[in-house]
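Asker: Okay, here's the structure, questions in a sec.
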């Protein structure tokens, strides 16, 4: 059994104290928000923190509320608590469904959304979906608070744009409007998904035309990536968009830095994007996948 | 540090190191070797135990996390007279194992599901169990056993 190197766990009483601890211990400290990814990295000595700051003990950081038309999800909310939240199920069902399929039941019971986003694992399901749902994150430190879109949080594979001493405290997700259609699908035959694809559409007329679209792909590339050129192809009449799905899939693949790795070649991943854009389009519209 | 928790129904206090995983503490100090270690990466499910009725990977969860909580391992499932839990009996009835290494984790993961929903459909059982891997059985005998235990537990309610 792998034994971890020694570390000391600190229990802050508020986000500000956590930030001060983080600043105090510098590179020897990491935020501990669930441990599902952090402790694995420490087992393999990819990270060697001497101090872990347990964000989970900070009161109020695991609440899930609806405020001003948006879901406000505390950073230490577990995947399971988001999956089961009546607020999330009612106001952003695509998020609840995606969370119900993150990793496995054990990871969902302990892993947190804030931890997942900060770790920036390239196979993160939540990050890809949050890109299309318009998610943003609140970041706090002794210097104050700022709010940035999820796209600006992620700097690359396993890299976030958090500055020293900064802590992600809240994830804000606009609630789904009656004109919105969204879905997330993944393809998985290994330990982690090979592809994740999120789609969000705005349709004023029950799916006959699409006035706005957002699409993002994850897992096939170093970080979840929006297909901005594809989004233009995904607006217009249902018939036109359907005809352009193949062209849009290529535009998504062109936008992403497709990786050749043990999960398949870049060419294979481009193929998967084609297959899954068709499927996620039908799923978002509630159409049969057959 | 000292950690107090309920282990298989008994109040327990142990002196632990903060870096110790729950699996290290349960296997090494409590001699509960039904907690099996395999992938050590939260993928295979062989180290599954229940913490406050939820399945977790004991290989990666710090023992620090169970302070004040209830921990259930496979050793805590049979009643005091030694009568097996319906899931244990069902796994025997359907020969739902060959090498048996994944079995404690399988049974505990299934228990978490059935305690919450003993009317789970096959699709719900499969979705819940898809993070527990078995390289012997092909899974069908496991599904049959969980179905049988679900029927029995529903009958008891």
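The values are calculated or read from the model by the stated rules, or taken from the named source; none is laboratory data. Please read these numbers as outputs of a predicted model, since none were measured by experiment. Glycine also receives a Cβ, built like all others from the backbone with ideal geometry; neighbour counts cover every protein chain displayed.
Asker: Restricting the stretch B:15-27 to residues that are out of contact with any helix residue (DSSP H, G or I) (no Cβ under 6 Å at 6 or more places or on another chain) and over 22 Å from residue B:106 (Cα atoms), which is surrounded by the fewest Cβ atoms within 10 Å (Cβ to Cβ)?
Answerer: Only one residue fits best here, namely B:15.
Asker: Let me ask something else about it. Does the stretch B:43-59 hold any residues that are assigned to a loop (DSSP other than H, G, I, E, B) and either assigned by TED's automatic domain parsing to the domain that holds residue B:107 or within 13 Å of residue B:102 (Cα to Cα) (or both), and which are they? Don't jump to the end; show me each part of the working.
Answerer: Filtering the stretch B:43-59 down to residues assigned to a loop (DSSP other than H, G, I, E, B) leaves B:43-47, B:52-53, B:58-59.
Selection gives B:43, B:44, B:45, B:46, B:47.
Asker: Read through the list (1) under 19 Å from the mean Cα position of the chain (by Cα); (2) touching a residue at least 60 places away in the same chain (Cβ under 8 Å), then give the number of the only condition that residue A:80 fails.
Answerer: Exception for residue A:80: condition (2).
Asker: Among the listed residues A:131, A:162, which satisfies the condition of being more than 26 Å from residue B:125 (Cα to Cα), in contact with a strand residue (DSSP E or B) (Cβ under 9 Å, 6 or more places away or on another chain) and in a helix (DSSP H, G or I)?
Answerer: Values: A:162 fails: in a helix (DSSP H, G or I).
One residue alone meets the criteria, A:131.
Asker: If residue B:75 passes every condition in (1) in contact (Cβ under 8 Å) with a residue 60 or more places away in the chain; (2) within 14 Å of chain A (Cβ to nearest Cβ); (3) assigned to a helix (DSSP H, G or I); (4) within 22 Å of residue B:24 (Cβ to Cβ) but one, which one does it miss?
Answerer: (2)
Asker: Another one. Only one of these conditions is not met by residue A:102: (1) closer than 30 Å to residue B:37 by Cβ; (2) away from chain B (no Cβ under 14 Å). Which number is it?
Answerer: Going through (1) closer than 30 Å to residue B:37 by Cβ; (2) away from chain B (no Cβ under 14 Å) one by one, residue A:102 breaks only (2).
Asker: Which of the residues spanning the stretch B:107-130 are in contact with a helix residue (DSSP H, G or I) (Cβ under 8 Å, 6 or more places away or on another chain) and surrounded by fewer than 16 Cβ atoms within 10 Å (Cβ to Cβ)?
Answerer: If we filter the stretch B:107-130 for residues that are in contact with a helix residue (DSSP H, G or I) (Cβ under 8 Å, 6 or more places away or on another chain), which is where we start, we get B:107-114, B:117-120, B:122, B:124-126, B:128-129.
Passing the criteria: B:117, B:119, B:122, B:124, B:126.
Asker: Here is a further query. Counting only residues that are in contact with a strand residue (DSSP E or B) (Cβ under 8 Å, 6 or more places away or on another chain), facing chain B (nearest Cβ under 7 Å) and over 22 Å from residue A:78 (Cα atoms), how many does the stretch A:4-27 have? Walk me through it before giving the result.
Answerer: The first filter runs over the stretch A:4-27 and keeps only residues in contact with a strand residue (DSSP E or B) (Cβ under 8 Å, 6 or more places away or on another chain), leaving A:4, A:7-12, A:15-16, A:18-19, A:21-23, A:25.
From what is left, the residues that are facing chain B (nearest Cβ under 7 Å) are A:4, A:7-9.
Going one step further and asking which of them are over 22 Å from residue A:78 (Cα atoms), we end up with A:4, A:7-8.
The number of residues fulfilling the criteria is 3.
Asker: Looking at (1) more than 8 Å from chain A (Cβ to nearest Cβ); (2) surrounded by 21 or more Cβ atoms within 10 Å (Cβ to Cβ), which one does residue B:11 not meet, given that it meets all the others?
Answerer: (2)
Asker: Would you be able to tell me the number of residues in the stretch B:13-26 that are within 14 Å of the chain's Cα centre (by Cα) and either part of a strand (DSSP E or B) or without any contact (Cβ under 8 Å) to a residue 40 or more places away in the chain (or both)?
Answerer: 1
Asker: Now a separate question. Checking the structure you have, find out if any residue of the stretch A:41-55 is surrounded by fewer than 16 Cβ atoms within 10 Å (Cβ to Cβ), in contact (Cβ under 8 Å) with a residue 24 or more places away in the chain and in contact with a strand residue (DSSP E or B) (Cβ under 8 Å, 6 or more places away or on another chain).
Answerer: Yes, the stretch A:41-55 contains a residue that is surrounded by fewer than 16 Cβ atoms within 10 Å (Cβ to Cβ), in contact (Cβ under 8 Å) with a residue 24 or more places away in the chain and in contact with a strand residue (DSSP E or B) (Cβ under 8 Å, 6 or more places away or on another chain).
Asker: Yes or no: the stretch B:92-106 includes at least one residue that is surrounded by fewer than 17 Cβ atoms within 10 Å (Cβ to Cβ), within 14 Å of another protein chain (Cβ to nearest Cβ), within 14 Å of the chain's Cα centre (by Cα) and assigned to a helix (DSSP H, G or I).
Answerer: No, every residue in the stretch B:92-106 fails to be surrounded by fewer than 17 Cβ atoms within 10 Å (Cβ to Cβ), within 14 Å of another protein chain (Cβ to nearest Cβ), within 14 Å of the chain's Cα centre (by Cα) and assigned to a helix (DSSP H, G or I).
Asker: Restricting attention to the stretch A:127-146, which residues are over 23 Å from residue A:55 (Cβ atoms) and buried (at least 21 other Cβ atoms within 10 Å of the Cβ)?
Answerer: Matches in the stretch A:127-146: A:128, A:131, A:132, A:133.
Asker: Restricting the search to the stretch A:255-287, which residues are assigned to a helix (DSSP H, G or I) and touching a helix residue (DSSP H, G or I) at 6+ places or on another chain (Cβ under 7 Å)?
Answerer: A:255, A:270, A:273, A:274, A:277, A:278, A:281
Asker: Any idea which residue in the stretch A:60-95 is nearest to residue A:128 (Cα to Cα), counting only those that are within 14 Å of chain B (Cβ to nearest Cβ) and part of a helix (DSSP H, G or I)?
Answerer: A:79
Asker: Still on this structure, I have one more. Return a yes/no flag: does the stretch A:182-199 have any residue that is modelled with pLDDT of 95 or more and either more than 20 Å from the chain's Cα centre (by Cα) or assigned to a helix (DSSP H, G or I) (or both).
Answerer: no
Asker: Test residue A:25 against the stated conditions and say whether it is without any contact (Cβ under 8 Å) to a residue 60 or more places away in the chain and part of a loop (DSSP other than H, G, I, E, B).
Answerer: No.
Asker: Select from the stretch B:14-27 the residues that are within 9 Å of chain A (Cβ to nearest Cβ) and closer than 22 Å to residue A:37 by Cβ and list them in ascending order.
Answerer: If the condition is that a residue be within 9 Å of chain A (Cβ to nearest Cβ) and closer than 22 Å to residue A:37 by Cβ, then B:17, B:18, B:19, B:20, B:21, B:23, B:24 are the ones that fit.
Asker: Name the residue that is surrounded by the most Cβ atoms within 10 Å (Cβ to Cβ), counting only residues in the stretch B:28-49 that are more than 9 Å from every other protein chain (Cβ to nearest Cβ), more than 22 Å from residue A:193 (Cβ to Cβ) and over 14 Å from the mean Cα position of the chain (by Cα).
Answerer: B:30
Asker: Looking at A:34, A:30, can you tell me which residue is touching a strand residue (DSSP E or B) at 6+ places or on another chain (Cβ under 7 Å), buried (at least 17 other Cβ atoms within 10 Å of the Cβ), assigned to a loop (DSSP other than H, G, I, E, B) and not assigned by TED's automatic domain parsing to the domain that holds residue A:160? Talk me through it step by step, then tell me what you get.
Answerer: Details: A:30 fails: assigned to a loop (DSSP other than H, G, I, E, B).
Exactly one of A:34, A:30 is touching a strand residue (DSSP E or B) at 6+ places or on another chain (Cβ under 7 Å), buried (at least 17 other Cβ atoms within 10 Å of the Cβ), assigned to a loop (DSSP other than H, G, I, E, B) and not assigned by TED's automatic domain parsing to the domain that holds residue A:160, namely A:34.
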